[in-house]
Amino acid sequence: MKNIVLTLLAVSIIGIANAQTGNERGLKIAKAAEKADVGFNSSTVSLKMTLKNKNGQTSERDLTTKTLELIEDGDKSLIVFNSPKDVKGTSTLTFTHKVGSDDQWLFLPSIKRVKRISSNNKSGPFVGSEFAYEDLSSQEVEKYSYKFLEEKGSLLIVEQDPVDPKSGYTRRVVTYNKNKGYRIEKVEFYDRKNSLLKTLTYSNYQLHKSKFWRAGTLNMVNKQSNKETRLEFSNYNFDANLTDDDFTQVALKRAGN
Amino acid sequence: MKSKRNIFFGIVSFVLLNFMTINAQDKKEKKVVHEFELEVAAEYSYFYNDALFEGQKSYFPSIAFTPEYSIDWNKGRESLNFTGFFRIDRDNRRTHGDLRELYYQKAKGKYELSVGLKKIYWGVTESNHLVDIINQTDQTESFDGEQKLGQPMIQFTWSTDKYGTFDFFYLPFHRKRTFTGVRGRLRFPIVIEKNSVTYESGAEEFRQDAAFRWSHYFGAFDVGLSHFYGNGREPIFTFDSFGNINAFYPVINQTGLDLQATHNAFLWKLEAIYRNAKAQDFIALVAGLEYTFSNIDKNGLDIGLLGEYLYDERDELALNSMQNDVFLGSRIAFNDTKDTSILIGGLLDLEKSSKIFSIEASRRVGTSWKAQLEARIFNTIDSNELLLFNFTEDSFLKLTVSKYF
């Protein structure tokens, strides 16, 4: 009897230890991916978003995005809509925080109003697309807990569980490529009922400044509704030398005008 | 008067030209971006009640053109921006044109300078815009006061990391408010001639006005403190015993506060002003909240609830008749590919029976069209309402279809 208890205890300790190494390895990979991307300082990029409904009808949006890298806290970003024309100039300024909710402002060009908006809505769709707000916000290591799943050649598969209860996901399964600066190749999103909701594939990768991998195409497929959203990035610029002054409410108004 | 105006616009264009030549010499950054856009909006307004005053019509087909042109260079840090506006309407006063914006802008580090005609928005609340004072309201364009005339200005902005943003405005010319004509609805028994509205200031529209605003954010709080000294944007109306209306623009000092706290799905809002002139001295405020239930159907549906309390010490002389009222409303956003959204609301007088209900809905059609529906319903307007009672029969529906080129 005693032996059985001891054996059970030993087995469960090994199990916990395994789980811990799994957690640690997952976190290590996420940190390695973050580290591989440190030092880009700032970037600008043009983005074409193509939304496809289940009947194959498409609609498009054009945006430009500016990003400022911050080390101590989350990144800052400024997004400007160029099309559809009725929303041209609509812009958002986001200060991501590693811990706590993000700060976000919206500029409405028709009445020139800047409005602080709640960043509470993480799971909602971004402009009718298959991307939720949380999919597009700066991916900080602190926002998830990790579990290493498997290694397939150079691919490392890690489960990420969102820390924020407002997230629309129970977990994400992320495929990293360790030979290519830990760039992400694929993400699977599981909804709150733990069924597969969406898959996101990264393709047309390019290496910028011989360090930073950026995908040219992101394709998000909703497995439950069969809708799709494709993001195509062009004109990446890592030499814009942006500063905090380019990420203020004054700059937000200027960008949207 | 005409020559004075010409001198003013002469000065503005001289300043603009000067800036342009200075920058033409500085040819380091060669990438120049031009953008042109034109919105053509066909509109049909229908007032379904019989008019209260003679000459007023019931339906108004109308068309408006809004061309926009901008050119920027120096990585977007310098630009020239133009927005025009022209409307043809059945009401000859609503047939009007305006230079909404025509300004040169230069940003450098923490500084930004704008010279020309521009539009500035201040404030946080939805049902009334008290703090917003830089631009004159284009009253013929909007019942809610959100459409503005271009304001000539020199604006200098200094943004600091620690102490917030400081805005300084020099406002050399006052624009008179537009009012509807004989055929138009939403007017008084007597048509107000724009030019019969006089000034307290001897310098009239050429009084040199100034304004200042400090704004900052601390975590969840966004705060703005402003002061304006100059020709008021709202005329003061006086009624003599013959029923004649006399109106003038007073010289005012107005201090404004706008505050918003953003906490989870709550937005807590406050706007308050203190306005002082020879003829008036009052405070007014709007305080309220907005709460959004987001992504209710897991398909993007957001339903926001709005509640605001409005107070104005002027009581019945408050131009928009919001002296002790409550606004309750809901903003519904579908977050679909067509950006469908609906704003419904009711403004309820806490002392009188007066109620104003409103609906504003919009949806994109195809890629470059947009349909908008607006309704304002004046319900059981109290006969003691000095100003609002004139609009008793002016409930309307308005459909607008816009094409963007």
- Query: Roughly how big is chain B's charge dipole about its Cα centre, with Cβ charges of +1 (Lys, Arg) and -1 (Asp, Glu), in debye to the nearest 20?
  - Reply: 1660
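Considering only Cα-Cα distances, which of the following residue pairs are longer than 22 Å: A:K54/B:K298; A:K66/A:K209; A:K48/A:K198; B:K298/B:K403; A:K166/B:K298?
Table pairs above 22 Å Cα-Cα are B:K298/B:K403.
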- Query: Under the classification rounded if a/c is under 1.5, otherwise prolate if a/b is larger than b/c and oblate if not, where does the range B:163-223 fall, given a ≥ b ≥ c as square roots of the Cα gyration tensor eigenvalues?
  - Reply: oblate
- Of B:F53, B:G109, B:G224, which is farthest on the positive side of the dipole of the range B:2-404, counting Cα position, with +1 on Lys and Arg Cβ, -1 on Asp and Glu Cβ, and the Cα centre as origin? B:G109
- Message: For a distance above 16 Å, tell me the whole-number percent of Cα pairs in the range A:181-249 that qualify.
- Response: 62
- Item | Å² per residue, accessible surface of chain B at 1.4 Å | 46
- Message: Averaged over its residues, how many other protein chain Cβ atoms are within 10 Å of peptide B:209-221's Cβ atoms?
- Response: 1
- Query: Using the scaling law 2.2 N^0.38 Å as the reference, what is the normalised Cα Rg of the range B:59-209?
  - Reply: 1.19
- Message: Rounded to the nearest 100 Å², what is the buried accessible area between B and A, both sides summed, probe 1.4 Å?
- Response: 3500
- Using Cα positions and a limit of under 17 Å, work out the aspartates and glutamates in reach of A:K98, with same-chain residues fewer than 8 apart set aside. A:E34, A:D37, A:E69, A:E72, A:D73, A:D75, A:E134, A:D135, A:E140, A:E142, A:D161, A:D164
- Task: Considering the options B:L305, B:V401, B:S353, tell which one lies farthest towards the positive end of the dipole of chain B, charges being +1 on Lys and Arg and -1 on Asp and Glu at the Cβ, about the Cα centre.
- Result: B:V401
- Bins of 5 Å, starting at 0 and running to the largest distance - Cα pair percent for the range B:125-185: 4, 15, 18, 18, 17, 14, 7, 4, 2, 1, 1
- Among residues other than B:R364 whose Cβ falls under 10 Å from its Cβ, what is the net charge (Lys/Arg +1, Asp/Glu -1)? +1
- Query: Kirkwood hydrodynamic radius of chain A from all distinct Cα pairs, in Å?
  - Reply: 19.8
- Task: Place a +1 charge on the Cβ of each Lys and Arg in chain A and a -1 charge on the Cβ of each Asp and Glu, then give the dipole magnitude about the Cα centre in debye, rounded to the nearest 20.
- Result: 560
- Just from the alpha-carbon atoms, what are the Rg and Dmax of the range A:135-245 in angstroms? 15.3, 44
- Message: Taking all protein chains in place and a 1.4 Å probe, what share, in percent, of the accessible surface of the range B:2-404 do carbon and sulfur account for?
- Response: 61
- Note on the structure: Residues hit by the 20 Å² burial cutoff in the range B:333-362, accessible area with a 1.4 Å probe, assembly against chain on its own, are B:N335, B:T337, B:D339
- Residues along the range A:216-255 losing 40 Å² or more of accessible surface when the other protein chains are present rather than the chain by itself (probe 1.4 Å): A:D245, A:V250, A:R254
- Message: Above 11 Å lies some portion of the pair distances; for the range B:220-263, what is it as a whole percent of all C-alpha pairs?
- Response: 73
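What is the local net charge at B:I245, summed over the other residues whose Cβ is closer than 12 Å to its Cβ (Lys, Arg +1; Asp, Glu -1)?
After counting each charged neighbour, the total is -1.
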- Note on the structure: Charge dipole of the protein assembly as shown built from unit charges on the beta carbon (Lys, Arg +1; Asp, Glu -1), centred at mean Cα; most positive-end Cα among B:S201, B:V326, A:T94 is A:T94
- Are there trypsin sites (Lys or Arg not before Pro) in the range A:163-249 that DSSP marks as loop and that have at most 11 other Cβ atoms within 10 Å, and which are they? A:K193
- Can you list the trypsin sites (Lys or Arg not before Pro) in the range A:30-80 that are in a DSSP coil and have 11 or fewer other beta carbons within 10 angstrom? A:K54
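Placing unit charges on C-beta atoms (Lys and Arg positive, Asp and Glu negative, everything else neutral), compute the dipole magnitude of the protein assembly as shown about its Cα centre in debye, rounded to 20.
In debye, rounded to 20, the protein assembly as shown gives about 2360.
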- Within the range A:17-67, GluC sites (Glu not before Pro) in DSSP loop having at most 16 other beta-carbon neighbours inside 10 Å: none
- Query: So what are the protein assembly as shown's ellipsoid semi-axes, whole angstrom, largest first, if each one is the square root of 5 times an eigenvalue of the alpha-carbon gyration tensor?
  - Reply: 51, 29, 23
- Summed over the other residues with a beta carbon less than 11 angstrom from that of B:F405, with K and R at +1 and D and E at -1, the charge totals -1
- Query: Kirkwood Rh, chain B, all Cα pairs: how many Å?
  - Reply: 23.0
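The values are calculated or read from the model by the stated rules, or taken from the named source; none is laboratory data. It should be emphasised that the depicted structure is a prediction, and the values quoted were computed from it without experimental measurement. Cβ: placed from backbone, ideal geometry, glycine included. Neighbour counts: every protein chain shown. Heads up: the accessible areas ignore ligands, DNA and RNA and are worked out on the full protein's heavy atoms, side chains in. Shrake-Rupley method; radii C 1.70, N 1.55, O 1.52, S 1.80 Å.
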